[in-house]
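The values are calculated or read from the model by the stated rules, or taken from the named source; none is laboratory data. Since we're looking at a predicted model, the values are computed, not measured. Cβ atoms come from the backbone with ideal geometry, glycine included; neighbour counts cover every protein chain shown. To get the accessible areas, we keep the full protein, side chains included, count just its heavy atoms, and leave off ligands, DNA and RNA. Shrake-Rupley method; radii C 1.70, N 1.55, O 1.52, S 1.80 Å.
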Amino acid sequence: MSKVEEILSELGYVAHHPARMVEQWKKETGGKAVGIMPIHCAEEVVHAAGMLPVGMWGGQTSISLAPEYLQSFCCSIMKAVMEFTMSGAYKNLDAIICPETCDTLRVIPLMMRKAIPQTPIIGVVLPDNRKIDAGIKYTAAEYRSIVKQLEQITGNPVKDEDLQNSVEIYNEHHAAMMEFFKVAVDHCDIITPYNRHMVIKSSYFMPKEKHTVLVKALIDELIKLQPSQFKGHKVVVTGIMSEPDELLEMFGKYGYAIVADDLAQGSRQFRTPAPADDDPYIRLGKRLANFEGCSCVYDPEKLRGKLLKQLVDETQADGVVVLMMKFCDPEEYDYPFIKQDLEEAGIPHLYLEIEQQMESSEQVQTRLQAFAELLEERKN
Amino acid sequence: MFTMGIDIGSTSSKAAIMEDGSKIVASCVIPFGTGTSGPQRVIEDVLQAADMNRDNIDYIVATGYGRRSIPGADEQISEITCHARGVHFLLPSTRTIIDIGGQDVKVIRVDENGAVMNFVMNEKCAAGTGRFLEVMARVLECKVDELSMLSNQAKQAVPISSTCTVFAESEVISQLAAGNSREDVVAGIHDSVARRVASLGKRVGLVPDVVMTGGVAQNEGVVKAMRQELKTEIKTSPLPQLTGAIGAALLAYQKVQKAKQAND
């Protein structure tokens, strides 16, 4: 097994075994773990409290308990989260942070408090007016409030320098991830859509310091290799996430490589560094202020389509695949703007409705195959 | 050179044999789709109609919902690409294709060469598909191919939901119980299909000529409702059920030609 394969295998294992990773971390450190719901809550506050931040982005499971709380028109991510909550899968989490990301997430904390009353549920509301001074201060205050609640759980105070240190660790990790995405473009044969996702997903279940080391090692190994002569279709994907695994395998099957992403679970987490400031909480507030291009962050200028065009230009992608999470209102609202921008730029795109629990993949396969044929036809 | 296109849908199997990518030698439609004896039978029947055996065929392309389960096919290509190519062959001025099959609806924009520019498909819901009409025909105690004739005799279409087959079925029963005539209810069902499909069509933009294909294109009542809903002229393919198979046979010819050129 090559070094690249070894690292990818390790990251794949982590991505598929979140519960084991949490258990292992707690055993090794004696520390506590905190679940963080999507999309834009800064993990740094949990890290600074000496706890393990754990991404809670649902997963592949059959849904039977969640409908007690969630209607059929709620997205599959939240259904999976509630299913895991009710089935006891999150029993190792010592607290859960729930940002008010969308209409469904707004009520999740209430449901969780009822379903798992023993676990502290910390709500957080990030501001729409994130760019003005008051908005930045408000974001900072929300993070201070989270830290206060975490201090009560651990019994240990979190100093400003602890958070400064965590912000630096995360900036380094995010930069490494962005560098990995760039390097991966030249190695589409190895960094398949599935492998690329494993690198992203594993970051949610292990300490960022360790993940950074692995990602940097992966970059070093990839750089040593000859760039691949990829003959398939290079695409940029946009949406909340690129799960389930079956979907990514289909991308591979029809000759796609993901050369850049604008996924809430992917690049949106990594592309905006926290700028310098003496106050670490203000750094996190400023990061949210500087961030662009997410359906769940207020953007009156609708920059996402332009950002996608830029990603296509930078990576010389053949097209864009819009991974529309079924019943995700914020993403649905963004789509007409994206569509218009891509059409004006002459960039072909595929609208692909997905669910984390895909019962039937036939329609998705037909669309992916037809889009691959369309892209091939354009090359000829 | 002879090529074969096989289009295995959810409710029927279609096949066409073409000579040199320009002449339809034989074609066949069997009203049984994937998972049935239909695929095997359609291959046997089309070969028999052409007085040929498998060895006479240079290349076979399979398409449609059951395209991956055709033994002996040299390649499988999506029905989107095949429909586009097939319709372009039959009606070269086509720029938008509305294909309503047994369980899905596709709207495909094509360029002057028959290449796909953009497409949309319905999601898992069966509203607006051939299956929707089958369910309604059962409730109305008639055959699917009688629906067109019935809607022709309608005086006033009864509004029917366009969002859900199950809800629409209940609505149809309620409307019949309320004393509305079968003819008026059928006209309402056709309007419902048209509204559902039109909303998809508007997403890709309807550029004339607009052509309907698929089994449902044989229902003049739906075609008429589509014309009214989209306020545009809609042509129907002369071989509505066979466009996918013809497109597949054409693409098979193209594949062989390309391979030959590469070898030369």
Cα-derived Rg over Rh, computed across segment A:108-233 with Rh taken as Kirkwood radius: 1.09
Compactness of segment B:39-128 - radius of gyration and Dmax, Cα, Å: 15.0, 42
Charge-dipole axis of the protein assembly as shown as Lys and Arg at +1 and Asp and Glu at -1 on Cβ define it, positive-most pick from B:M212, A:I132, A:A257: A:I132
Residue-normalised accessible area of chain A, expressed per residue, 1.4 Å probe, Å²: 41 Å²
Buried on assembly, segment A:337-356 (at least 30 Å² less accessible surface than by itself, 1.4 Å probe): A:K339, A:Y351, A:E353
Solvent-accessible area, 1.4 Å probe, carbon plus sulfur percent, for chain B: 49 percent
Simple spin-label estimate for B:K155 and B:E75 in nanometres, 7 Å along Cα-Cβ: 5.7 nm
Choice from A:H197, A:H47, A:H16 with maximal GNM fluctuation in chain A (Cα, 10 Å cutoff): A:H16
Taking the convex hull of Cα positions in the protein assembly as shown, its mean projected area over all directions (nm²): 32.0 nm²
Spatial extent of segment A:109-153: Rg and Dmax, with the Cα atoms as the point set, Å: 13.1, 38
Per-pair calculated FRET efficiency, R0 = 60 Å: A:D160 and A:S361 via Cβ, rounded to 0.05: 0.75
Diffusion coefficient, µm² s⁻¹, Stokes-Einstein with Kirkwood Rh over alpha-carbon pairs of segment B:96-236 at 25 °C and 0.890 mPa s: 165 µm²/s
Alpha-carbon centroid distance for the pair segment B:214-251 / segment A:112-126, whole angstrom: 54 Å
Total accessible area lost when A and B pair, probe 1.4 Å, Å² to nearest 100: 1900 Å²
Distance from segment A:334-380 to segment A:226-302 (C-alpha centre basis), Å: 17 Å
DSSP loop trypsin sites (Lys or Arg not before Pro) with at most 11 other Cβ within 10 Å excluded, longest remaining stretch of chain B: B:1-142
Cα gyration tensor shape of segment A:29-158, rounded if a/c is under 1.5, else prolate or oblate by comparing a/b with b/c: oblate
Cα lying deepest toward the dipole's positive end in chain A, options A:I347, A:Q152, A:A95, charges on Cβ: A:Q152
Cα centre as origin, Lys/Arg/Asp/Glu Cβ charges: segment A:61-159 dipole, Debye: 220 debye
Coarse-grained scattering of chain A at q = 0.06, 0.09, 0.13 Å⁻¹, given as base-10 log I(q)/I(0) from a Debye sum over alpha-carbon atoms: -0.22, -0.50, -1.10
Backbone N under 18 Å from the B:D111 label point (7 Å along Cα→Cβ), restricted to segment A:313-339: A:317-320
Amide N of segment A:166-207 lying under 18 Å from the label point, which is placed 7 angstrom from the Cα of A:I223 along Cα→Cβ: A:172-188, A:191
Hydrodynamic radius (Kirkwood) for segment B:170-264, which is based on Cα pairs only, to one decimal in Å: 16.0 Å
Point-to-point label distance, B:R54-B:V207, nm (Cα→Cβ direction, 7 Å offset): 4.2 nm
222 nm mean residue ellipticity, helices alone, for chain A (DSSP H n ≥ 4; -39,500 (n - 2.57); rounded to 500): -17000 deg cm²/dmol
Surface per residue (accessible, 1.4 Å probe) for segment B:122-175, Å²: 52 Å²
Peptide B:56-68 - average C-beta neighbours from other chains (10 Å radius): 1
Full-stretch length increase - A:H16, A:V107 - with 0.36 nm per residue and alpha-carbon distance subtracted: 30.0 nm
All-pairs alpha carbon distance profile, chain B, 10 Å steps from 0, percent: 8, 31, 32, 20, 7, 2, 0, 0
Whole-percent carbon and sulfur share, accessible surface of segment A:29-158, 1.4 Å: 52 percent
